Amino acid sequence: MLKDNIKQLRKSKGLSQEELAIKLNVVRQTISKWEQGLSVPDSEMLVSISEVLETPVSTLLGENISESKVDDLKAISEKLEIINLQLLQSKNARRKVIHWLLISLCVITIITFISLFLLNSPYLNWNYNNPENAVLGVAFHSFEWIFIRVVPIILIVLIVGIVLNRKKI
């Protein structure tokens, strides 16, 4: 009786053996032995257990604690099913947003790449004696140089992301 009551009350409070052991200042193996009926707690420990599990000592020592009613379990399982469906819908909506975001980034990257290719670096013909033109020209050249070298990697990553995300939608 005591072993079953300790185990059932511990589980109903959502505590693991380790967590209960920490609260009672004992090792986990002690809790395990109590729940297996290999040993029993002394009277002081029974009082501590009753305080931690928020139940009277008489309940710990009394008859087996009745299981939750079937109706309660059914109601809880229905609520959990609804919550799971809502989480799934939210997850699917998030995947769709990510999918379209990846497609948009891919299109923007391709448009930028084509624009840079068609413009053919017009800043190279600027007069670099003017410091403002020099700074702006270097900034454009740096952007173009980095973009052209990084865009193949970006496109590969975006396309892989689109394909992987599309399979899950």
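The values are calculated or read from the model by the stated rules, or taken from the named source; none is laboratory data. Here the structure is a predicted model, which is why all the values come from computation and not from measurement. Quick reminder, even Gly has a Cβ in these numbers, built from the backbone with ideal geometry, and neighbours come from all protein chains shown.
Going residue by residue through segment 67-79, is there one that turns out to be among the basic types (Lys, Arg), under 30 Å from residue 7 (Cα atoms) and assigned to a helix (DSSP H, G or I)? So far as segment 67-79 goes, yes, one or more of its residues are among the basic types (Lys, Arg), under 30 Å from residue 7 (Cα atoms) and assigned to a helix (DSSP H, G or I).
Among the residues making up segment 1-51, those that are outside any helix (DSSP H, G or I) and of a type outside the set (S, T, N, Q) are 1, 13, 14, 15, 26, 27, 37, 38, 40, 41, 42. Per the listing 136, 105, the residue uniquely in contact with a helix residue (DSSP H, G or I) (Cβ under 8 Å, 6 or more places away or on another chain), touching a residue at least 24 places away in the same chain (Cβ under 8 Å) and not in a loop (DSSP other than H, G, I, E, B) is 105.
Scanning segment 158-169 for residues that are surrounded by fewer than 14 Cβ atoms within 10 Å (Cβ to Cβ) and either at pLDDT 90 or above or among the hydrophobic types (A, V, I, L, M, F, W, C) (or both) turns up 159, 160, 163, 164, 169. Screening residue 117 with (1) over 32 Å from the mean Cα position of the chain (by Cα); (2) more than 30 Å from residue 152 (Cα to Cα) gives one miss only, at (2).
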